[in-house]
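Contents: one structure, followed by commentary.
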Amino acid sequence: MKPVVGLEVSINNYKILLYIKNYQGYLNLIKICTRVNDNSITIDDIIKYKDNLFFLIPFSSLNFYLEYKDKITDIYLGFSNKKEESDALVITKDVVYLKPCLYKNKEDSDYLKYLYLIRDGKTLNDNVTYDILDKAIEDSDVINAYSNIGLLNTLKIVDACNLEFPKASLLLPIYECPKGVDSSIYLISLAKAGLTKRLNNNITKDYLDRLSYELDIIKNMGFSNYFLVVYDFIRYAKKKGILVGPGRGSAAGSLVAYSLGITEIDPLKYNLLFERFLNPERKTMPDIDTDIPDIYRDDIINYVTNKYGKKRVSGIVTFGTLAAKQVLRDTSRIFNVPLYKVDRLTSFIPVMSHKKLNEFYKENNN
C-alpha cells in the first residue's frame with residue numbers, strides 16, 4: 001500500500017483531478033492549493049505548475065481536455081459509464097475510469113448523511129438533502145466498467161505516483177543575538193538572569209542543577225534558537241499589554257521556559273518533568289502552547305512574519321477525530337435526543353478512553 005495524493009480543482013465550470021508523481025509534484029500541488037484557498041486560481045496557474053502532475057479530466061469537462069491536451073503531457077480523459085467510455089476512446093487512448101466514490105459499501109450512505117449533518121450542525125428535522133446516493137464502487141462495478149486500456153492506464157498512474165519526502169531538516173528562524181554571541185550562550189545568560197529575578201536572587205542548588213540540565217539538552221538538540229524566538233514574541237506581546245496564558249501542556253515542565261517568562265508555572269514547585277516536554281531519546285520538535293486573545297492573534301503573527309520573514313513562518317492544520325464520547329453527543333444531537341439523557345449516557349465513558357462506542361455498549365449490557 002502507498003498513498004496516492006491528489007486534489008480536485010473546480011475552475012470555470014471545469015472539474016480537474018490532479019495527482020502528484022513525486023515530491024516536486026507535491027510542491028507544485030501545494031502552490032495550486034494555496035491559490036485555490038485564496039480564490040485566485042486560474043487555468044494559467046494550473047498550466048504553470050503542471051510538471052510532475054497527472055491530470056485526470058472527467059468526461060463532463062471534455063472541453064477542457066480538448067483545449068489543453070496539447071499543453072499538458074500527462075493528461076487523461078475520464079469516463080464513468082459505458083457510453084462515456086465509448087465516446088472517450090474515439091478521442092484518445094489515454095482514458096481512465098472516474099466514478100465518484102464516497103464510501104465502499106452502498107449501505108454506508110446513511111452513515112455518511114449523519115456525518116454531514118454533524119459537520120453542518122444540522123438535525124434530521126432540518127430535512128437537508130445531500131448528493132450521496134449511488135456513490136459506492138464495488139468490485140463488480142470495476143470489472144464491468146473498465147476496458148483493458150482504462151485499467152492499464154489506471155495501474156500505470158498508480159505505479160508512477162511515488163511521493164517520498166526528503167529527510168527533514170530544521171528550518172527554524174535565527175534569533176538575532178548581540179553581536180558575536182552564540183545563540184546557546186545568549187540563551188544561558190537570559191535563562192540565568194530570568195531565574196535570578198524569579199527567585200529574588202536566591203537560586204538554590206536544585207534550581208541551578210535543573211537549569212543547567214535543561215540548557216544542555218536544549219543546546220545538544222539544536223533548539224536554542226527556538227526558545228529565543230518564542231521568548232521574543234512573548235516578550236513583545238507582554239510589552240504591548242497583550243494577555244498571555246500562564247502555560248499549559250508539557251512545556252510547563254521546563255524551568256528554562258519559566259525563567260524566560262514563556263510560562264508562569266514553576267516546574268520544581270509542582271514536580272513537573274522536563275522529559276515530557278523535551279527528551280534526547282526522542283528527537284522531535286518542542287511544542288510550546290501559547291494562549292493569546294483571538295483579537296491579537298494577527299498582531300503576533302505579523303510581528304513574527306515581519307521580523308523573521310514570510311519563508312520562515314507558516315500556519316499548520318490539525319485534523320479532529322470523533323472519539324466515543326463525542327460521537328455519542330453529536331449523533332444524539334442530530335436525532336434530537338434530550339441533553340439530560342445524553343449526559344447520563346456519556347457519563348459511562350471515561351474522558352481519555354480510546355475504546356470504540358460499541359465496546360462500551362457491550363460492556364454496559366452484560
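None of the figures in this text is laboratory data; all of them are computed from the coordinates on show. On a predicted model such as this, the values are computed, not experimentally measured, just so you know. Every residue, glycine as well, gets a Cβ built from its backbone with ideal geometry; the counts of neighbours run over all protein chains shown.
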Calculated FRET efficiency for the pair residue 291/residue 344, C-beta based, R₀ 30 Å, to 0.05: 0.40
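Taking every DSSP beta bridge with both residues inside the chain, roughly what % is antiparallel (nearest 5)? Mind dumping the intermediate values first?
Working: 12 of 19 bridges.
Bridges in the chain are about 65 percent antiparallel.
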Among 34, 353, 271 - extreme Cα towards positive end, dipole of the chain, charges at beta-carbon: 271
Spin-label model distance (nm) - residue 156 vs residue 51, 7 Å beyond Cα toward Cβ: 2.3
CD proxy at 222 nm, helix term only [per DSSP H run n ≥ 4: -39500 (n - 2.57); per residue of the chain; nearest 500]: -13500 deg cm²/dmol
Percentage relative contact order, segment 183-312, counting C-alpha pairs under 8 Å, at least six apart: 25
Under 30 Å from residue 69, Cα to Cα: lysines that are on another chain or at least 8 residues apart: 2, 15, 21, 31, 48, 50, 82, 83, 93, 99, 135, 156
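Which value, in debye to the nearest 20, gives the size of the charge dipole of the chain about its Cα centre, when Lys and Arg are +1 and Asp and Glu are -1 at the Cβ? Let's see the in-between values first.
Working: 50 positive and 45 negative charges, 218 e Å.
So the dipole magnitude of the chain works out to roughly 1040 debye.
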Under 5 Å, built H, 5+ apart or other chain: amide partners of residue 78: 57, 59, 96
Residue exposure sequence - 284, 154 - by fewest surrounding Cβ within 10 Å: 284, 154
Length added when fully stretched, residue 337-residue 34, from 0.36 nm per residue minus Cα-Cα: 105.0 nm
Sorted by Cβ density within 10 Å, fewest first, the residues 258, 130, 226: 130, 226, 258
Per-residue HN-Hα couplings for segment 190-203 [Karplus 6.51, -1.76, 1.60; θ = phi - 60°; Hz; x = Gly/Pro]: 5, 5, 5, 5, x, 5, 4, 5, 4, 9, 6, 6, 10, 7
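Give, as a single signed number, the net charge of other residues whose beta carbon lies under 12 Å from the beta carbon of residue 150, with Lys and Arg counted +1 and Asp and Glu -1. Could you put the intermediate results ahead of the total?
Numbers: positive: 82, 93, 99, 156; negative: 84, 85, 94.
Summing Lys and Arg as +1 and Asp and Glu as -1 gives +1.
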Net lengthening on full extension, residue 80/residue 364 (0.36 nm per residue, minus Cα-Cα): 97.6 nm
Candidate aspartates and glutamates - alpha carbon under 20 Å from residue 307, same-chain residues fewer than 8 apart omitted: 176, 182, 232, 298, 299
Mean Cβ count within 10 Å, highest first, over the residues of peptides 286-296, 78-88, 197-207: 78-88, 286-296, 197-207
Euclidean distance of C-alpha centroids, segment 25-63 and segment 279-302, integer Å: 32
Distance in nm between pseudo-label sites at residue 181 and residue 73 (7 Å out along the Cβ direction from Cα): 5.2
Residue exposure sequence - 9, 351 - by fewest surrounding Cβ within 10 Å: 351, 9
Qualifying lysines (Cα of each under 19 Å from Cα of residue 197; at least 8 residues distant if same chain): 205, 238, 239, 269
Per-pair calculated FRET efficiency, R0 = 35 Å: residue 104 and residue 357 via Cβ, rounded to 0.05: 0.95
Projected label distance in nm at residue 212 and residue 174, using a 7 Å step from Cα toward the beta-carbon: 3.1
